[in-house]
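FYI, it's all coordinate maths here, none of it is from the lab. Remember, it's a predicted structure, so these values are computed and weren't measured experimentally. Every residue, glycine as well, gets a Cβ built from its backbone with ideal geometry; the counts of neighbours run over all protein chains shown.
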């Protein structure tokens, strides 16, 4: 840039939207004639240059360019001609609201979002009477919205979201009659919305996640231009204006989690453009208006947890673009109609806790995108259609608490992705299909309280179930030996014709029910002899090794307390004996990890955590260094992992068998993952040539594990350290989410999760850690997006080739300008035929790593998008903003 300012008459310098990096070394003060300066949307570093002599400047763009330090606000003091000031989205040091701006009375565009401004918005903001656009969002602003803002009657857009603003909307906001876009969401505002009723030009009103109360003004129903309306998570009461959304090309409404009542406005899809109707968790009554049955643009339809009644209009079931239909926890009656065959995009169907009835139509099989079906606690009857086995993407089927009869369809064995089947409390009869044993992803199987008969299929022994409940049926015959542990948990209670040789509460099996008794006796004797020999050998080896140890204290000298979370097939002593140097397989800041092989040949992983008072340790796993790994008395990592994992049951989350604690240390016993971590397979000397099919399955499985943590637990679990080294791989390269030492369970009485420490690993940490201590599941989304980028590109999160202070997210985003540059970042090891699928996954990764947390999808959305990116599908990158909140 050195020669540029030798052009003394230069009036316009436009360098925006490039890939410029490094420091700006040019003395811009020599560009004395400049009126237009654009350095925005680049990758600069260091301080913003001195521009104090550019008094004739009219437009200054420096947004989103990675400048740091303190912006030279004082240099703006004499720029009386300045009309555009855009310096947001830079990691500047925190600073009070710059008062130098308050004298720039010709400003019409002021963009200061996400640039670390703190304190109160000055009353003198009202001096800037020519402002058309004022954006102060995503900062550290506090206090009330000043009354001075009401003087800005030319305002077209006012953005104040993601701050800590308090108080009520200032009296006089009715003066802002030109306002079209108003967003003050995610603050601490309260009071009523009476000032909004005069802003008749509004197109978008977003005040969600505040503490507003009172009724929504009726006048809003007359707003002719309103297309976006989002007020969720407040304390609003009364009715929605019945003409709401009936005038313009209305797009979405989200008023969920309030106390609104009365009917749903009937005409919000009058223009046929509505995509999201989200009114869940209110007190709405009446029927669903028939008009929404023809709203074919709807993507999300959620009215659950209200007092709605009547029949669901037939066309609702068949909305062709709907991805979720959620009418659970209401008082609906009537059937699911055959219209459901038209719901080609439907992924989630939630109908639980209503009074719906009739048969489940076979046409449900034509809704081929279905992932989750929950019909529980209704009055459905008739047989479960065999066609349900055609739903190849189904992962959860909840039919409990109905009146289904007939047999369980054998075709369910074709649902290869399913992990949860619950058909309890029906009147199902006949045999349990052996085909269920082929469902390798099945994690929960509950067929209790039915009229099932015949033997327990031996094929169920092949499953890795966390829950099996076949109680209160009419089953007969021997309980398979491999399921005896489940029998001791009551899984087979209430089946008087079942028998067992080893469990006394069941009758003894006759010789006709299995092998001859004398053979069983011989076999039992041989097994006892073999176990005795094995124990002797293990004891001999243990004593031999123990005598060879130098400086290792026996853990058995301590007093231990064992807490089991599953039925155990090993003893405490077997675990204690495994804690020795020969079995060490990993080290971390919170403790060492050992491989244990117990008496029955089962392999386990044991984490040993010392309760020491070491101050701070750095935890290095897979080449990545977390910002924090604290070890203290009553180790917080230990408590977090136990609290989190002991209650989790999912095929894609590592299984915690038990904890064993003493005064000085604790042991966590997990299932063993023989293939190490995803980091190992992508980036280390253990690198494996993972084909795209395997990478895709790892991505999808890990996403399902995180989806369960965020959405499937009683209270959401935020992992806070998602990375490729915490995704472990079993013998079939199936993924498990692991290492919950930093996890946080969201409290039931809290709507916002916060923590006072920065948790995570460099390269995976979401950018909001730089400006807020509020942490929620969106931070996990960012980290998972980085993992997806690793899978697609084969690169580490931080590589020298990315440039100084750059990570994989910035590198990828810099390659999105042309299709050729996008294709170039796909790992060359991925076959060309799968490149389009990899690019679709990359699109999901880009959505997950959006700088603004509210723009990131949920993990539930991510699973759906990844399922649409199966390797046989050809796709392209389309990055768009999601406007809905639920």
Q. Among 762, 608, 190, 650, which comes first, second and so on when ranked by fewest other beta-carbon atoms within 10 Å?
A. 762, 190, 608, 650
**Q.** Per-residue Cβ neighbour rank within 10 angstrom, fewest leading, 79, 865
**A.** 865, 79
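To one decimal place, what Kirkwood hydrodynamic radius in Å is obtained for the stretch 269-391 from all pairs of distinct Cα atoms?
Details: mean 1/r = 0.0703 Å⁻¹.
After inverting the pairwise mean of 1/r, the radius is 14.2 Å.
For the stretch 18-78, build the convex hull from the C-alpha positions and give me its volume per residue in Å³.
75 Å³
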Q) In square nanometres, what is one fourth of the surface area of the convex hull spanned by the alpha carbons of the stretch 234-280? A) 3.0 nm²
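Cβ neighbours within 10 Å, averaged per peptide: list 369-381, 716-728, 41-53 in order, most packed at the top. Mind dumping the intermediate values first?
Values: 369-381: 20.6, 716-728: 26.3, 41-53: 17.7.
Ranking, from highest mean packing down: 716-728, 369-381, 41-53.
By count of other Cβ within 10 Å, fewest leading, how are 691, 267, 582 ordered? List each step's numbers first, then the result.
Numbers: 691 13, 267 18, 582 10.
The fewest-first ordering by Cβ neighbours comes to 582, 691, 267.
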